[in-house]
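Read the structure below first, then the notes.
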Amino acid sequence: MRAGRMHLGTMPSGAATFALDVAGATPLGIRGDASGPQGDPPWLIIQSDRPSQKLADLIGQRVAHTTPSSRLGNLARRALSPGAGRVPDRDHKVCFPGKHQDSVAAVAFGDREAAPIARDIMVRVAERRIVKMQDFRIVRKRGNLPPGVLSTAHALAPPLLRRVRECAFNIRDPSAMPTGSQGADRRCSIDIWKDRQIVRQVAEASGQAYTRAAFDQKKVRAEAGRK
């Protein structure tokens, strides 16, 4: 987008913040339904028949944290829930299964006491009947991370930008699509600075920065990984 090779697209939370701060992207909206924009509240799941009832009960227990770089599966957990029984590595033992679905399985089979996960993935796993929602106790924590942002290049001609905006907010997704996206069938406008503040909070707490230097470092690592 910064180089002018992309003019419109939906990017995940972290990439969208880079697009806004580094490439000067213009945010249009995020997924939602008739009640308004959707988000991804950080969830902590515990088996429904386990004795743990609250976060403080996890002291000394083993908790699955997806991957070190996972925003909802690790970083948000560390940034948004300080306090007794809530500090990973200090108050409970952390392991990294690798995927959100693996974290769900670890809790379902009793290999781990709890797991912070992405809500939408938890719902999809249940929809596929891999697990049942009633088998888990879900602890909602502070905050609601916005999903991917539909954005345009900053240099888009104003008349074209108006047409794109009209299409983005007036089109409704086919009835079959919302099934896999928790009922989202449209794009909803957002207050970009207010609604994405939690993304920046999580990033700052984990030592990340949405700067050009950080973007260049991320790009170098990605290119090195492809060699």
Problem - Residue count, the stretch 1-57 (criterion: at pLDDT 80 or above, under 18 Å from R187 (Cα atoms) and of a type in the set (G, A, S)) - result: 7
Handout entry: Residues within the stretch 58-73 that are farther than 13 Å from I45 by Cα, at pLDDT 85 or above and either of a type in the set (S, T, Y) or surrounded by 20 or more Cβ atoms within 10 Å (Cβ to Cβ) (or both), tallied
Key = 1
Problem - Subset of the stretch 15-40 [of a type outside the set (A, V, I, L, M), under 23 Å from P158 (Cβ atoms) and under 18 Å from the mean Cα position of the chain (by Cα)] - result: P27, G29
Completion exercise
Among F96, F109, F136, the single one that is free of Cβ contacts under 8 Å to residues at least 24 places away in the same chain and closer than 25 Å to A56 by Cβ is F109
Practice task
Take Q201 and decide whether it is surrounded by fewer than 12 Cβ atoms within 10 Å (Cβ to Cβ) and either at pLDDT 70 or above or farther than 30 Å from D57 by Cα (or both).
Solution key: no
Practice task
Evaluate the following for T17: is it β-branched (V, I, T), over 26 Å from M133 (Cα atoms) and touching a Gly at 6+ places or on another chain (Cβ under 9 Å)?
Solution key: no
Handout entry: Neighbours by Cβ (under 6 Å, 6+ apart or cross-chain): first from the stretch 23-45, farther than 17 Å from A118 by Cα; second of a type in the set (G, A, S) and not in a loop (DSSP other than H, G, I, E, B)
Key = A25/A19; A25/S151; P27/S151; L28/A168
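The values are calculated or read from the model by the stated rules, or taken from the named source; none is laboratory data. Remember, it's a predicted structure, so these values are computed and weren't measured experimentally. As a convention, Cβ positions derive from the backbone with ideal geometry for all residues, glycine included, and neighbour counts pool all protein chains shown.
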